Amino acid sequence: MQPLVQLDGVSKAFTLHLHEGVRLDVVSDVNFSAAPGECIVLGGPSGAGKSSLLKIVYGNYSCDAGHIWIRDGGEMIDVATAEPRRILAMRRHVMGYVSQFLRVIPRVGALEIVAAAGREGGLDSQVAQDRAEEYLSLLNVPERLWTLPPATFSGGEQQRVNIARGLIADRPVLLLDEPTASLDARNRAVVVDLVERKKKAGVAIIGIFHDEDVRDKVATHVVDVTHFAAKTA
Amino acid sequence: MLNDLPDAPLLSVRDLTRYYGERIGCADVSFDLYEGEVLAVVGESGSGKSTLLSLLATELEASAGSIRYRMRDGIARDLATLTEAERRLLLRTDWGFVRQDSTQGLRMSVSAGGNIGERLMAVGARHYGNIRGTSLDWLGRVEIDRGRIDDIPKAFSGGMRQRLQIARNLVTHPRLVFMDEPTSGLDVSVQARLLDLIRGLVSELGLAVIIVTHDLSVARLLSHRIMVMKGGRVIEAGLTDRVLDDPHQPYTQLLVSSVLAA
């Protein structure tokens, strides 16, 4: 099947100008792809560049070389060179991203945060509302919290709001950065189930899962990021 | 999904330059702005960001370069070729300008309702009842007690004045709004409410906005794109979260590392 995401010779280094211009090589010559229904799990120790790679795919970090092709309707768009407004449009309709931390506008209630993410992703407003309630229930976020801003929630509750928000829309590409990091076994199982639903719906997923149990359940392929460690000259 | 992006920019700026004698105000600035886009211009004082805003708003004449704006009839015009009457009409109807200093953006001795109504009259509204009704409606939208319609802005707090400026500017349904440090000098809680209000209105009305700010957290919250200026030049530009999370230029890295949490 045609891939929805294809990384082609992607390289990235950070230059820290405030620290004598130290250069931190992150990854070099990354090549892999994700097709509909696949879940590509990025493996390797902490510091190998897994999160950075996801951020590069999402357009949050730039890359120094290579291409990140993502299917947008009938076209393959290169995130590496796309205009900001194109990347923002793709984030609305094409690619979703669930980070390790909830970063939202303060002062907005949890349910509204999730429903708004659904509307932004193109769901009808009633569908967004219903699905937001469904996902928060599935993820065991107590109903009495729904109208409250998540700033005061526990880490696990915030993370579950974050997952609901990241998964609510029907985007064809999903990037998951340790969505199960601070969850208990019961909620990890819910996330595994949601990921399986997305795969069945033909979504291409690239994810980081430290929990081996979760990884074994959801992974179609594991890509070992240490293979892309920058070659020392 | 390609079709949901407009092809023609609303504003198209090329090599915009302004000298103050020998000194550079701003130099070689080029960018396109599309409907619905919020562009933040960041940098320290003296970086040229205010000069740039004045040039764009045609308050200052450029030494070189061009600004093209797509008028409501769909035709892009070089702003330097507009007649004075055309320029004034643009400023009063299709554009808005929310200023840091509310005494420059409001008529301080005219009532709140009059401040809003004046812009409406500039686009031809004459019916007193309609003007007052629309003014009341806008006071509500910017969360000012409607009972204050006959009060003058001198009697308003700083946050209320900024909200009144926003109402005054948006009442004519402009397509492009300039904002110069609209939240600086306000208490943090007042600033937060104002930012929420601006965010909501901008996305609801699909406005194009150019906002000058030295506050990176304001830029993060409101803007889609950032241009970083230093010494009159744009040294880095791109998607807001890219520039703030993966800054490339030494100066941008310094700016980002200097805030606690942007």
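Laid out as a table, the results:
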read-out	value
Global form of chain A, assessed from the alpha-carbon gyration tensor, a/c cut-off 1.5	prolate
Amide N proximity, segment B:81-117 versus B:Ile152 label position 7 Å along Cα-to-Cβ, cut-off under 14 Å	B:103, B:106-115
Two-decimal ratio, segment A:104-161, of alpha-carbon radius of gyration to 2.2 N^0.38 Å	1.03
Segment A:170-230 shape via C-alpha gyration tensor axes, a/c threshold 1.5	oblate
Computed helical MRE - 222 nm, the protein assembly as shown, DSSP H runs ≥ 4 contributing -39500 (n - 2.57), nearest 500	-10500 deg cm²/dmol
Charge context of A:Arg144, other residues only, Cβ under 14 angstrom, K/R +1, D/E -1	-3
Cleavage-rule hits, trypsin sites (Lys or Arg not before Pro), segment B:51-81, DSSP coil, Cβ neighbours within 10 Å at most 13	B:Arg72
Bins of 20 Å from zero: percent of alpha-carbon pairs in the protein assembly as shown	21, 52, 25, 2
GluC sites (Glu not before Pro), loop per DSSP, at most 10 other Cβ atoms within 10 Å - longest free stretch of chain B	B:62-262
Among beta bridges that DSSP assigns inside chain A, antiparallel share in %, nearest 5	55
10 Å Cβ neighbours from other chains, averaged over peptide A:83-93	5
Relative contact order (%) - criterion: Cα under 8 Å, at least six apart; region: chain A	29
Cα principal axis extents for segment A:25-162, largest first, Å	49, 36, 28
Charge sum, other residues only, whose C-beta stays under 12 Å from A:Ala201's C-beta, Lys/Arg counted +1 and Asp/Glu -1	+3
Kirkwood Rh, angstrom, segment B:9-257 [1 / mean 1/r, Cα pairs]	18.6
Cα pair distances in segment B:29-147, grouped into 5 Å bins until the bin that holds the longest one, percent each	2, 8, 15, 19, 18, 15, 13, 7, 2, 0
Calculated FRET value between B:Glu61 and A:Glu75, using beta carbons and R₀ = 30 Å, to 0.05	0.10
Assigned charges on the beta-carbon of Lys, Arg, Asp, Glu; segment A:104-161 dipole about Cα centre (debye)	200
Nearest-ten-degree value, helix A:84-93 long axis tilted from longest Cα axis of chain A	40
Spin-label model distance (nm) - B:Arg23 vs A:Asn140, 7 Å beyond Cα toward Cβ	6.4
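Taken together, the values in this text are just the output of simple stated rules run on the coordinates, not laboratory data. Predicted model, so just to flag it, every value in this text is computed and none were measured. Using ideal geometry, Cβ is built from the backbone for each residue, glycine included, and neighbour counts are taken over all protein chains shown.
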